[in-house]
Amino acid sequence: MARQIRSNKLNKIIDDKISFEYEKRIQPWKTLKIDWNYYMEEMKGLMIFTDGSKMDGRVGCAFVVFYNKTELDYRKFRLNDSSTVFMAEVIAIQQAVQYVKANDLGRVNMISDSRSALMALSAVEEARDIINNIKEYKG
């Protein structure tokens, strides 16, 4: 049994679910510097708000794109019921980042209410693959 658990930790996706235990080390100089602070500004320019939640045993996440207080687009995602709120928050951020890249939006202010996700993103060393994929510089 222990051998099977150990081999599963090496897989990114187990039974069509994202594994948050999968580890991937990347050099700090190959990551984006992701700063965060408390949001207290007026809505100006391109902004994306992300959120994840778990209610009545169901888990989901979403992001909404605004430009100067006008809603431009949104995406919502249903996650597996065994997912945590942290997973939902991180996946919302990941999907928003992919949206920014796919639409070549350049610099965007991204707003999240998940301090734990923001702290994981700002950490110099992080073992979780999904966090590193968000941080990894590909330019």
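Name the single residue that is most open to solvent (accessible area, probe 1.4 Å) among those in region 106-116 being in contact (Cβ under 8 Å) with a residue 40 or more places away in the chain and closer than 14 Å to Glu89 by Cβ. Across region 106-116, the extreme among qualifying residues is Asp113. Only one of the listed residues (Ala92, Ala102) is free of Cβ contacts under 8 Å to residues at least 60 places away in the same chain and either touching a Leu at 6+ places or on another chain (Cβ under 6 Å) or open to solvent by less than 20 Å² (accessible area, probe 1.4 Å) (or both). That residue is Ala92.
Applying the criterion of being within 15 Å of the chain's Cα centre (by Cα), among the aromatic types (Phe, Trp, Tyr) and open to solvent by 30 Å² or more (accessible area, probe 1.4 Å) to the residues of region 46-82, the residue that is nearest to Arg115 (Cα to Cα) is Phe49. Across region 107-128, the qualifying residues are those that are of a type in the set (D, E, K, R) and at pLDDT 85 or above, and the one among them that is farthest from Cys61 (Cα to Cα) is Arg107.
The values are calculated or read from the model by the stated rules, or taken from the named source; none is laboratory data. Predicted model only: the values in this text are computed from it and were never measured. Here the Cβ is made from the backbone with ideal geometry for all residues, glycine too, and neighbour counts use every protein chain on show. With ligands, DNA and RNA removed, areas are computed over all heavy atoms of the protein, side chains included. Shrake-Rupley method; radii C 1.70, N 1.55, O 1.52, S 1.80 Å.
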